[in-house]
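Below: the structure, in structure tokens.
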Amino acid sequence: MPTVSINGTSCSFAPGQTILDVARAHQIDVPTLCWYPKLPTVANCRICLVSVAGQEKLQPACYTPAAEGMVVETESDSAIESRRGVLSLLLERYAGEHLAAGKGREPRNEFEEYVVRYGVPVAPHGELGLRSGDERPGDTMIQHDMSLCILCTRCVRACEDIQEVGVLDVAERGAHSHIIVGGDGDPDHAGCTWCGECVRVCPTGAIFEVIPKQRFGAEALRTPDKVARSICPYCGVGCQIDLQVKDNEVMRVTSPWIEEYSPNQGSTCVKGRFGYDFPQHRDRLQAPLIRKGWMRNGDRWAWTGEQPRHREGPWHTIEELGQQRKPRPPGRSVGKSRTTGLPVIEDQDVRDRVATPSTWYSAFREATWDEAMSLVAQELLRIRTEQGSGALAALASAKCSNEENYALMRMVRAGLGTNNVDHCTRLCHSTSVAAMNRALHTAAASGSMREIEEACDVIFVSGANTTETHPVFGALLKRAVAKGAKLIVADVRRTELASMADIHLQMLPGTDVALYNSMLNHVIAAGLVNQAFVAARTRDFEQVRAAVQPYTPEMAEKITGIPAGTIRHAAEMYARGPNTSTLWAMGLTQHSTGTDIVASLLNLMLVCGMIGRWGAAMIPIRGQNNVQGSSDMGAIPFAYTDYRSVTDPGVRGEFAKAWGVAEESLSLETGMMVTEMVDESSPIRGLYIMGENPVISDPDIAHAEHWVRSLEFLAVQDLFLTETARWADVVLPGSSFAEKQGTFANTDRHIQLSDAAVSPPGQARRDLDILIDLSNRLGLETSWQSPAEVMTEIASVTPSWRGVSYEMLLRRRAIQYPVPDADSEGTPFLFADSFPT
Ligand code: SF4
Ligand code: SF4
Ligand code: FES
């Protein structure tokens, strides 16, 4: 390998690396301002100039290629003098008076640290005065203070090249240059997504987040009490975020360093960066609630309210509200401070409320934990004794951790004796799981999000509005397209991705199967079948050929409304790849024929051989932050962890042993799905819900409300008194993502560790602690002391998680399963050689 000498150290390098690349690789610090990892190099600030032997002039380290035998001095007298000159010039137009006042001891940002490091005096501002520019006045999330701008243009490039948005720009030339926001200063008009990437890269704080600064002050922001690495609670991308804590409150979210390994590569979207105040919401439940009417007599609880029971409350039911016109939405609550004295909007209409109406609490009284837990245990056991285990069910949560979902499904199976446990996956990607299981015997993505940017030639996105629903992944897709990948979008809507696609297959709603079958028909007709893959890796190809034979592009044109020529073009582009990735989301899966739609898409993928290598990924884009993990953990009615069947006596025996219970106590009958539970003929009489709100999330919310009202007993563990919880007998205050440690599995199989940042409010408890307590009260001995212990048990009963432990995750934070042993580096993509069929 060639070498250069930097400050007397011999450093090897790879061709194409700059002096800065080589220095960084050898932990030699070279100051930089305009340079930033992964951004195009502009080399305009000149702070990185270094001496190179034999060169008359100083050279920009960020731009100059390293060459064999080069001798570099990064802190030569001339380099330092030049740097001081650069900093001095920048200071002429920079509001840095506090540096002079504090005698240079209090640098507030990256730029000021260099000023202090090189001992540059803060001189009076030159005649040009401080910079100005577009400052986003009135923006509730991001504003600019252009008196701090040094015109490094990192923000412009980050917006353009990482987020692929292009809101910011530099206007005018020379001394008059300044940062602008779109054509008219309005970020909305310019398409800003409030992702905060510009905030992240700005080296001076000229671009800043408004809310934390207003609530906590600049000084507090510089001196957090604690920084906890967490996982964003919003979508399936699983962005790693850092929660900055002051006085037991999350004051700000930042993101990991861009070069750290994480699914988000350091980016976030508006939700992750700004949507962190719900853990501190004034309506958080702080004590257990028991419905008025339940009275304790000795150690037994009895219902003393109306008989027969009919759950009522001083509020409108969903059905009643549905008969009224929807009122105007309340005023924007964005940026609202809890101390501004703004009135609490207590609209009775659940469709728009931003606060819990006080009437909802009136049906309850506050209770102790012992009261609440003893009532829950008594009623669940009573129903089990009187009506059998089949009368009980539980809903797990795709927002809760793997450990919590595991603990809940264990409690339901071993404590209540039923497989009636399910969660919201039923309403999003269960059709994908069914189709993938049928085709490949798998229930997760085959590949990684990052391979699409690194190695994919054609991206096929179906029924997914990724830039809106999974913005960080959406930005990655846009970067892949900018780098040359072709994009085909199949969507009834003209989404942002559709508008930039090479081909937009805008089919009529509900005609997906005809479209994918006709693409496959043309692939076969055009001789584009991947014969080797089909022969080696698939079966029943002739049946598939026969099935799609009638779906000529001309016939599909009549069904889908897409011209036959466009279908042919898309089919050829897809099949020719060479590496095509197949992505889809709920535009496919939430059809009543979702399984068939996904199956027809998978047929196309398999016939073209577009799976099993880096760049050809199959990714169902998951919705909630742990919908993958909740299913992996067996919070579904037909499988234990790793999708091992509950009807298999051998599997049952394994779990019975791990849980220390008799085999016969675990049911061999498949449990009920949530869609069956809510059916009118459902036998469910007692229900335990952890962190789900079916009265809002069910496709027919009035029907769901009827159902929960008809139950004999309902317990809800949640953060807020939700539309579902207001009908409960007992409400147990749980913990938000910021208040507990746990792991989450994202859409590309990353198991990631999230740390606790703050403690739960009031008497609220960590969800895992609630489940441990309840399991013990139900007679299921449960001795875990921490989520780490739960993970140890998960690993012992879950083959594809066998090597996972907290020790490993504390070290590396994220790993893609399968993880067969403790030394494994994880599995970025699956099925290189075979399918588990
Ligand atoms: S918030 Fe994001 S989209 Fe908006 S200007 Fe900044 S980088 Fe661009
Ligand atoms: S606002 Fe910040 S990132 Fe943008 S040019 Fe100015 S100093 Fe650089
Ligand atoms: S960092 Fe090299 S010129 Fe700015």
Please give the helix 787-797 orientation as an angle from the longest Cα principal axis of the chain, in degrees from 0 to 90, rounded to the nearest 10. 70
Could you size up the charge dipole of region 3-117 around its Cα centre, putting +1 on the beta carbon of Lys and Arg and -1 on that of Asp and Glu, and report it in debye to the nearest 20? 240
What distance in nm lies between label points placed 7 Å from Cα along the C-beta direction at Ala101 and His178? 2.4
Out-of-range pairs (alpha-carbon distance over 30 Å; input Lys57/Lys478; Lys226/Lys478; Lys213/Lys740; Lys226/Lys657; Lys271/Lys483; Lys399/Lys483): Lys57/Lys478; Lys226/Lys478; Lys226/Lys657; Lys399/Lys483
Just from its helices, what would the mean residue ellipticity at 222 nm be for the chain, if runs of 4 or more DSSP H residues each count -39500 (n - 2.57) and the sum is divided by every residue, rounded to the nearest 500 deg cm²/dmol? -8500 deg cm²/dmol
Tell me the angle of helix 512-525 to the major Cα principal axis of the chain, expressed in degrees between 0 and 90 and rounded to the nearest ten. 60
What FRET efficiency would be calculated for the residue pair His189, Thr647, taking the C-beta separation as r and a Förster radius of 60 Å, to the nearest 0.05? 0.55
If I stretch the segment between Ala525 and Leu508 completely, what's the gain in nm (0.36 nm per residue apart, minus their alpha carbon distance), one decimal? 3.7 nm
What are the semi-axes of the equivalent ellipsoid of the chain, taken as the square roots of 5 times the eigenvalues of the Cα gyration tensor, listed largest first and rounded to whole Å? 48, 36, 26
On full extension of the chain, what length is gained from Glu56 through Thr41, given 0.36 nm per residue of separation minus the C-alpha to C-alpha distance? 3.1 nm
Starting from the Cα gyration tensor of region 60-170, take the square roots of the eigenvalues, sort them a ≥ b ≥ c, and report rounded, prolate or oblate (rounded when a/c is under 1.5, otherwise prolate if a/b is larger than b/c, else oblate). oblate
Between Val227 and Ser358, what is the spin-label point distance in nm, taking each point 7 Å from the Cα along the Cα→C-beta axis? 4.3
Among Trp801, Val758, Ala788, which residue has its Cα furthest toward the positive end of the charge dipole of region 738-837, with +1 on Lys/Arg Cβ and -1 on Asp/Glu Cβ? Val758
For Gln143, residues with placed amide H under 5 Å, excluding near neighbours: Phe208, Val210
Taking H placed 1.01 Å from N in the peptide plane, check which residues at least 5 places from Phe364 or on another chain put their amide H under 5 Å from its amide H. Lys292
Placing +1 on the Cβ of each Lys and Arg and -1 on the Cβ of each Asp and Glu in region 163-310, which of Pro263, Trp294, Gly205 has its Cα farthest towards the positive end of the resulting dipole? Trp294
From the phi angles alone, apply the Karplus equation (6.51, -1.76, 1.60; θ = phi - 60°) to region 50-56 and give each ³J(HN,Hα) in whole Hz, x where the residue is Gly or Pro. 10, 8, 10, 4, x, 9, 5
Ordered by packing density, taken as the mean number of other Cβ atoms within 10 Å over each peptide's residues, highest first, how do 428-434, 279-285 rank? 428-434, 279-285
By average Cβ neighbour count within 10 Å, what is the ranking of 379-389, 203-213, 735-745 from highest down? 735-745, 203-213, 379-389
Quick calc: nm separation of the 7 Å Cα→Cβ label points for Glu680 and Glu542 -> 4.8
Applying the Karplus parametrisation 6.51 cos²θ - 1.76 cosθ + 1.60 with θ = phi - 60° to the phi angles of region 541-548, what ³J(HN,Hα) value in whole Hz is obtained for each residue in order, glycine and proline being reported as x? 4, 4, 5, 5, 4, 5, 5, 8
Please give the charge dipole size of region 44-169, origin at the Cα centre, charges +1 on K and R Cβ atoms and -1 on D and E Cβ atoms. Round to the nearest 20 debye. 300
How far is helix 767-777 tilted off the main Cα axis of the chain, in degrees rounded to 10, range 0 to 90? 20
Arg117/Arg576 FRET efficiency (R0 45 Å; Cβ-Cβ; nearest 0.05): 0.25
The chain, relative contact order [Cα under 8 Å, separation at least 6], %: 13
Relative contact order computed over region 3-117 (Cα-Cα under 8 Å; 6+ residues apart), in percent: 26
Sorting Gly166, Ile19, Gly615 by the position of each Cα along the dipole of the chain (Lys, Arg +1; Asp, Glu -1; all at Cβ), the one nearest the positive end of that ordering is Gly166
Would you mind working out the magnitude of the charge dipole of the chain relative to its Cα centre, with +1 at each Lys and Arg C-beta and -1 at each Asp and Glu C-beta, to the nearest 20 Debye? 340
Of the beta bridges DSSP finds with both residues in the chain, what % are antiparallel, to the nearest 5? 60
Working out 0.36 nm times the residue gap between Gln27 and Phe638, then minus their Cα-Cα distance, what length gain in nm do you get to one decimal? 214.7 nm
Quick check on packing: order 818-831, 714-727, 492-505 by the mean number of other C-beta atoms within 10 Å, highest mean leading. 714-727, 492-505, 818-831
Would you please report the Å³ per residue occupied by the convex hull of the alpha carbon atoms in region 356-471? 203
Under 5 Å from the placed amide H of Leu487, counting only residues 5+ away or on other chains, we find Ile459, Asp502, Ile503
How would region 142-280 be classified by its alpha-carbon gyration tensor: rounded, prolate or oblate, with rounded meaning a/c under 1.5 and the a/b versus b/c comparison settling the rest? prolate
For region 430-620, what class follows from the C-alpha gyration tensor (a ≥ b ≥ c being the square roots of its eigenvalues): rounded when a/c is under 1.5, otherwise prolate if a/b is larger than b/c, else oblate? rounded
Tell me, what HN-Hα J-couplings in whole Hz come from the Karplus equation 6.51 cos²θ - 1.76 cosθ + 1.60 at θ = phi - 60° for each residue of region 596-603, using x for Gly and Pro? 5, 5, 5, 4, 5, 5, 5, 4
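All of the numbers you see were taken from the coordinates with simple rules; none came from a lab. No experiment lies behind these values; they were computed from the predicted model shown. When we count neighbours, we look across all protein chains shown, and the Cβ atoms used for this are built from the backbone with ideal geometry, even at glycine.
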